[in-house]
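Only one structure is covered here, and it is reproduced in the block below.
The values are calculated or read from the model by the stated rules, or taken from the named source; none is laboratory data. From a predicted model like this one, the values you see are computed outputs, not experimental measurements. Using ideal geometry, Cβ is built from the backbone for each residue, glycine included, and neighbour counts are taken over all protein chains shown. Note: accessible area is taken over every heavy atom of the protein model, side chains too, but ligands, DNA and RNA are not part of it. Shrake-Rupley method; radii C 1.70, N 1.55, O 1.52, S 1.80 Å.
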Amino acid sequence: MKTIVQIFKRDIRRITRNWVALLVVIGICLIPSLYAWFNIAANYDPYSNTQNIRIAVANLDQGVSGGPAGTLDAGTEIVKNLRKNRELGWRFVTETEAVKGVRSGDYYAAIVIPEDFSRSLVSVFSGKIERPQILYYLNEKKNAIAPKITDKGSSAVRRQVDQIFAETITQAGIDLLDTVSAI
């Protein structure tokens, strides 16, 4: 053990006498630490700054009026809620611009609400149930992590659709009960 301590002391003495060797040792100790520090700080929370991830939204929904659901324009409701949402960079455009923008790389993803979306939502009351579809286009080539983040955005839209559907069903049920109780 005594020999090891002597070798260590000799090495320290030699390093401190030669300023180039001292600079190299300090560099070898500090550079990996700085690299790790900046790299970890940069990737600490990648989901906190997603406002610049552009997602196109095209609303083609015509809405429905009359029937047990009353007047419903689910597409407009979704767009209204997305305008309030600041988590992602929502861009409200036409369908052609949305699809073209995803293909060209202007947008990371596009969500297209079709014309019959509201009608599909209220099809529950007609007996011929149609599942409402939202078209989702994704540019996976633009960025490796962007698809995961845009999936977060599409799940937010799905939650809003579920909420609108539940509200519509509930309101129609209340209206039906009011009608029955009035008889």
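With respect to the conditions (1) modelled with pLDDT under 65; (2) surrounded by fewer than 16 Cβ atoms within 10 Å (Cβ to Cβ), residue 133 lacks only one, and its number is (1). Set side by side, the residues 127, 101 differ, and just one is farther than 17 Å from residue 159 by Cα, modelled with pLDDT under 80 and not acidic (Asp, Glu), which is 127. Filtering region 113-141 to residues that are in a helix (DSSP H, G or I) and touching a helix residue (DSSP H, G or I) at 6+ places or on another chain (Cβ under 8 Å) leaves 117, 118, 121, 122, 124, 125.
When residue 110 is tested against the conditions (1) part of a helix (DSSP H, G or I); (2) open to solvent by less than 80 Å² (accessible area, probe 1.4 Å), the lone failure is (1).
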